[in-house]
Amino acid sequence: MTSKEKIISFPHMGNYYIAIEFLIKHTLNMKILTPPPITKKTLELGSKYSPDFVCVPFKYNLGNYIEALEKGANFLVQAGGGCRFGYYGEIQEQILRDLGYDFEFISILNAEDMNPFSVYGIFKKLNQKLSFTKFTYYFALTLKIAEIIDKIEEYIRENIGFEVKEGSFEQLQKDFLNRLKTVKGFRDIDKIYKKYNILFRNIEINKPKNPIKVGVVGELYVVMEPFSNYFIEKELAKKGIQITRFITVTYLFKNHPKEKELIKFSGKYLKYAIGADGTDSVARTKQLAEAGYDGVIHVKPFGCTPEVNAMPMLQNISNDYKMPVLYFSFDSQTSETGIKTRLEAFYDMLLMKREKQKWKKVI
Ligand code: SF4
């Protein structure tokens, strides 16, 4: 490592880069270099230098790192995970070193071990002058930023499919995210949330009383990073579908039920935890089936063992509740046209099911 000024970068996941930038800006004396937005090139770069069999979040992250290093980053951060993702940081570091990049690399803890004390320990090593009080203040603010992103995006998911003027939600979301980048303190965040909550609810929508409802479950990265799931939520919304998903940063850090509770809730479908988000996928699919959802879409990276384990249980739930489940497996070779065609067919099936139910009531 030769450069004196530390330029830090981290992988993308949805719009959470805003919260991460905020935390780094206020707690570390480093310049921030957020990787360029994910494109096909990011995935191509990541895939080119990744082992072929590795799951796709590894490839996206590696692509993000290469693009950031090329732009001048020299300090990279990776987070651990509850499955083999926990080992990915070391392999990614080695690959990047073999490619000849000069940088420092740090792996942050697993989400389960993530608490203000443990994260403070890591940040303190990077900035000796950082006090615990200052760190906890900005850490709490960071979580709050993620929380309001999640709240607003939840409203968008449920309503964007019914907007009267095309593009109004997306335009306002851009303004909202830009405004979030200027946050200074808690009051500011509350003000922004109140303002945009009203503005979003003022967008004219034409929503039927009982719209088609689809839940999205699966592995956290492909659920939360829209590029990696080929903007599935957007595609569904275009058809006038109300979308529900549980996995967000707030859910993972604040509201995630204990594994035991998820197993209990899964009832006869699951007796043991199946790792990462697999248990969650089963419990939530059952919840959506009981709530009368029209369908569920299960997304996973190709070869993701916890989600592969969840699939037979999802199929049992689907059979018992007569609720269709559509399975998507993503890799660098996934065809966008194939996804759109299958979504189209799924939507037609949901419509036909609704029609059938309507006629049953009449007869
Ligand atoms: S949960 Fe699945 S896709 Fe995600 S890192 Fe683990 S094995 Fe890979």
Asp277 accessible area, 1.4 Å probe, all protein chains in place, Å² to nearest 10: 20 Å²
The stretch 290-363 - charge dipole about Cα centre, Lys and Arg +1 at Cβ, Asp and Glu -1, debye rounded to 20: 440 debye
Rg/Rh ratio calculated on Cα atoms of the chain (Kirkwood radius): 0.97
Over the chain: helical MRE at 222 nm, DSSP H runs n ≥ 4 each giving -39500 (n - 2.57), nearest 500: -17500 deg cm²/dmol
Given charges at Cβ of Lys, Arg, Asp, Glu: the stretch 140-207 dipole, positive-most of Tyr155, Ile189, Ile203: Ile189
The chain: angle of helix 56-70 to the longest principal axis, Cα-based, in degrees nearest 10: 40 degrees
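Trypsin sites (Lys or Arg not before Pro), restricted to the stretch 100-164: which are DSSP loop and have at most 16 other Cβ atoms within 10 Å?
On the way: sites: Lys124, Lys125, Lys129, Lys134, Lys144, Lys151, Arg157; in loops: Lys129.
Here the sparse-neighbourhood loop sites are Lys129.
Are there trypsin sites (Lys or Arg not before Pro) in the stretch 260-363 that DSSP puts in a loop and that have at most 16 other Cβ atoms within 10 Å, and which ones? Mind showing how you got there, number by number?
Numbers: sites: Lys260, Lys264, Lys268, Lys271, Arg284, Lys286, Lys322, Lys340, Arg342, Lys353, Arg354, Lys356, Lys358, Lys360, Lys361; in loops: Lys271, Lys322.
For trypsin sites (Lys or Arg not before Pro) across the stretch 260-363 that sit outside H, G, I, E and B with at most 16 neighbouring Cβ atoms in 10 Å, the list reads Lys271, Lys322.
When the chain is fully extended, how far beyond the present Cα-Cα distance does Glu290 get from Phe231, taking 0.36 nm per residue of separation?
Working: separation 59, 0.36 × 59 = 21.24 nm, distance 2.65 nm.
Extra length available between Glu290 and Phe231 comes to 18.6 nm.
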Separation between Cα centres of the stretch 224-254 and the stretch 294-363, rounded to whole Å: 15 Å
Charge dipole (debye, nearest 20) of the stretch 188-276; +1 at Cβ of Lys and Arg, -1 at Cβ of Asp and Glu: 420 debye
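Treating the beta-carbon of each Lys and Arg as +1 and of each Asp and Glu as -1, no other charges, what is the dipole magnitude of the chain about its Cα centre, to the nearest 20 debye? Intermediate results must be reported in sequence, preceding the final value.
Working: 53 positive and 42 negative charges, 254 e Å.
Dipole size: approximately 1220 debye.
Out of all DSSP beta bridges in the chain, what portion is antiparallel? Express it as a percent rounded to 5.
On the way: 1 of 26 bridges.
Beta bridges within the chain, antiparallel portion: roughly 5 percent.
Over the chain, average the accessible area per residue using a 1.4 Å probe and give it in Å², no decimals.
Heavy-atom SASA per residue in the chain reads 50 Å².
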Nearest 10 degrees, 0 to 90: helix 186-202 Cα axis against the chain principal axis: 30 degrees
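At 0.36 nm per residue, and after removing the present C-alpha to C-alpha distance, how many nm does the segment from Lys268 to Lys209 gain when stretched out fully? Display every interim value, and only then the final one.
Values: separation 59, 0.36 × 59 = 21.24 nm, distance 3.29 nm.
Length gained between Lys268 and Lys209: 17.9 nm.
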Helix 336-362 axis, angle to the chain major axis (alpha carbon atoms, nearest 10°): 40 degrees
FRET efficiency, Lys258 to Lys4 (Cβ-Cβ, R0 45 Å, nearest 0.05): 0.45
Dipole of the chain, positive direction: furthest Cα of Ser318, Leu69, Gln173, with charges on the beta-carbon: Gln173
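Within the chain, what whole-number % of the accessible surface is contributed by carbon and sulfur, with the 1.4 Å probe and all protein chains included in the calculation?
Heavy-atom surface of the chain belonging to carbon and sulfur, 1.4 Å probe: 55 percent.
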In the stretch 160-245, GluC sites (Glu not before Pro) in a DSSP loop with at most 16 other beta-carbon atoms within 10 Å: Glu166, Glu204
Computed label-point distance, nm, for sites Gln333 and Asp102 using a 7 Å Cα→Cβ extension: 3.9 nm
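The values are calculated or read from the model by the stated rules, or taken from the named source; none is laboratory data. For clarity, every value in this text was computed on a predicted model and none was experimentally measured. Reconstructed Cβ throughout: ideal geometry from the backbone, glycine too, with neighbour counts over all protein chains shown. Protein only, heavy atoms only, side chains kept; ligands, DNA and RNA dropped before computing areas. Shrake-Rupley method; radii C 1.70, N 1.55, O 1.52, S 1.80 Å.
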